[in-house]
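Heads up: the structure comes next, in structure tokens.
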Amino acid sequence: MKIMNILKSPHIRMENPEVVWKKIQKMHEDGADKLMFISDFDCTLSKYKDSEGNRCNTTHAVIEGAMSVRHPELADKAAEMDKKYVQFEYCPIMTVEEKIPYMVEWWENSHNFAVQAKLTRQEVAEYVAKSRVYLRDLAKIYLKKIEENGLPHIVFSAGVGDIIENVFKNQVGYIPKGLHIISNMMVYDENNTCNGFTEPLIHTFNKNSTVLNNDMLFYEEIKGRKNVFLLGDSLGDSHMDLGVKDEGVALKIGFLNFNFDTLMDKYMEHYDIVILDDQTMAIPLEILDYILEKSS
Ligand code: TMP
């Protein structure tokens, strides 16, 4: 069976292959009606590096790039800040509780720089078009498959939602139906100049139902969909399903993009399947195809 070959891919690590297989089987038996998707964006739906091995941009990097046109001093400050805080984000020794205050500080400062730079809606859109944010290979097919099967998809990002919207528009052609972006959205004044960001602030470690409110439109759409297909790239992403009501099976797939040796053990604790050093959506797509086989 194709799915079996996929699970033997050299790019996959699993702590417990039997449990993973049981989860996939259960999702397959329950079918499309019970399925919902939660995906991170930066370095999950988008690439971490291109085919030449060059780092791709994250949504925040696009903001920094857009700022650098008129305010290089602010862009420099933001880049300096990234170097400092990313160490806390990925520190294998600190607890999540210890990391959170640093994350809040990072995000608040970063958003303040964008406001100080007075970025406009148009500048942001123009900069996205020339930046190096690329959806993973096969991501378009993956996203369209979810859409065509009428399945709800929450893209949960601690990045900047305006960039994500623009990337989907540029690279898929539109924002797929049923796809909901929950992220930090830029707020603009009457001149289309950024004067703030939406609340609550979403950072790496609070990306779960605690930042959602019950009247969000997709709540109706996800009612009764107890099986979660989750994609992430950070350890925090593995908890994006926290608060999903009456959750059945959660299949968690994590992309490990760097520091394979130091991070692998932790990733295997948090994710059912760890995909290493693979910038495509081939593995999630094959698993999805199998889950949908009888119901599509
Ligand atoms: P996410 O991928 O979990 O949604 O998180 C967004 C990433 O953005 C996270 O890995 C940290 C990173 N980041 C920056 O690169 N620059 C920034 O200014 C901020 C606030 C976050």
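Has the stretch 241-256 got at least one residue that is within 16 Å of the ligand (Cβ to nearest atom), in contact (Cβ under 8 Å) with a residue 24 or more places away in the chain, in contact with a Pro (Cβ under 8 Å, 6 or more places away or on another chain) and within 17 Å of TYR142 (Cβ to Cβ)?
Yes; the residues of the stretch 241-256 include at least one that is within 16 Å of the ligand (Cβ to nearest atom), in contact (Cβ under 8 Å) with a residue 24 or more places away in the chain, in contact with a Pro (Cβ under 8 Å, 6 or more places away or on another chain) and within 17 Å of TYR142 (Cβ to Cβ).
Quick one: would you say GLY236 is at pLDDT below 95 and either touching a Pro at 6+ places or on another chain (Cβ under 7 Å) or over 22 Å from ALA32 (Cα atoms) (or both)?
yes
For the subset of the stretch 158-209 comprising residues that are β-branched (Val, Ile, Thr) and under 20 Å from GLU89 (Cα atoms), which member is modelled with the highest pLDDT?
VAL160
Between a first residue in the stretch 142-165 that is under 25 Å from MET27 (Cα atoms) and of a type outside the set (S, T, N, Q) and a second residue that is open to solvent by 10 Å² or more (accessible area, probe 1.4 Å) and assigned to a helix (DSSP H, G or I), which pairs have beta carbons less than 6 Å apart while being 6 or more apart in sequence or on different chains?
As it stands, the answer is TYR142/LEU285; PRO152/GLU221; PRO152/ILE222, since those pairs meet every condition given.
What is the one condition in (1) assigned to a helix (DSSP H, G or I); (2) surrounded by 21 or more Cβ atoms within 10 Å (Cβ to Cβ); (3) within 16 Å of the ligand (Cβ to nearest atom) that VAL133 does not satisfy?
Only one criterion in (1) assigned to a helix (DSSP H, G or I); (2) surrounded by 21 or more Cβ atoms within 10 Å (Cβ to Cβ); (3) within 16 Å of the ligand (Cβ to nearest atom) is unmet by VAL133, namely (1).
Does any residue of the stretch 175-193 turn out to be in a helix (DSSP H, G or I), closer than 18 Å to MET103 by Cα and under 19 Å from the mean Cα position of the chain (by Cα)?
Scanning the stretch 175-193, I find no residue that is in a helix (DSSP H, G or I), closer than 18 Å to MET103 by Cα and under 19 Å from the mean Cα position of the chain (by Cα), so the answer is no.
Across the stretch 180-210, what is the total count of residues that are open to solvent by 20 Å² or more (accessible area, probe 1.4 Å) and away from the ligand (no atom under 12 Å from the Cβ)?
Selection size over the stretch 180-210: 15.
Go over the candidates VAL244, VAL274 one by one and state the one that is among the β-branched types (Val, Ile, Thr), outside any strand (DSSP E or B) and farther than 13 Å from PRO92 by Cα.
Details: VAL274 fails: outside any strand (DSSP E or B).
Sole residue among the options that is among the β-branched types (Val, Ile, Thr), outside any strand (DSSP E or B) and farther than 13 Å from PRO92 by Cα: VAL244.
Residue-wise test of (1) of a type outside the set (A, V, I, L, M); (2) in contact with a Pro (Cβ under 8 Å, 6 or more places away or on another chain).
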{"site": "ALA79", "(1), (2)": "no, no"}
{"site": "ASP82", "(1), (2)": "yes, no"}
{"site": "ILE93", "(1), (2)": "no, no"}
{"site": "LYS99", "(1), (2)": "yes, no"}
{"site": "TRP107", "(1), (2)": "yes, no"}
{"site": "ALA125", "(1), (2)": "no, no"}
{"site": "ILE146", "(1), (2)": "no, yes"}
{"site": "GLY150", "(1), (2)": "yes, no"}
{"site": "HIS153", "(1), (2)": "yes, yes"}
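Tell me, yes or no, whether the stretch 150-164 has at least one residue that is open to solvent by 10 Å² or more (accessible area, probe 1.4 Å) and over 24 Å from LEU212 (Cβ atoms).
No - not one qualifying residue is present in the stretch 150-164.
Sort out which residues of the stretch 1-28 are free of Cβ contacts under 8 Å to residues at least 60 places away in the same chain, surrounded by 12 or more Cβ atoms within 10 Å (Cβ to Cβ) and of a type in the set (D, E, K, R), and write them in order of number.
LYS22
Taking the condition of being open to solvent by less than 30 Å² (accessible area, probe 1.4 Å) and either on the phi > 0 side of the Ramachandran plot or more than 16 Å from the ligand (Cβ to nearest atom) (or both), how many residues in the stretch 211-221 meet it?
Residues in the stretch 211-221 being open to solvent by less than 30 Å² (accessible area, probe 1.4 Å) and either on the phi > 0 side of the Ramachandran plot or more than 16 Å from the ligand (Cβ to nearest atom) (or both): 1 in total.
Which one is most open to solvent (accessible area, probe 1.4 Å) among residues in the stretch 96-130 that are among the small types (Gly, Ala, Ser) and over 24 Å from LYS207 (Cβ atoms)?
ALA129
The values are calculated or read from the model by the stated rules, or taken from the named source; none is laboratory data. Every value quoted in this text rests on a predicted model; they were computed, and no experiment measured them. Note that each Cβ is placed from the backbone with ideal geometry, even for glycine, and that neighbours are counted across all protein chains shown. The accessibility values were calculated without ligands, DNA or RNA, using every heavy atom of the protein model including side chains. Shrake-Rupley method; radii C 1.70, N 1.55, O 1.52, S 1.80 Å.
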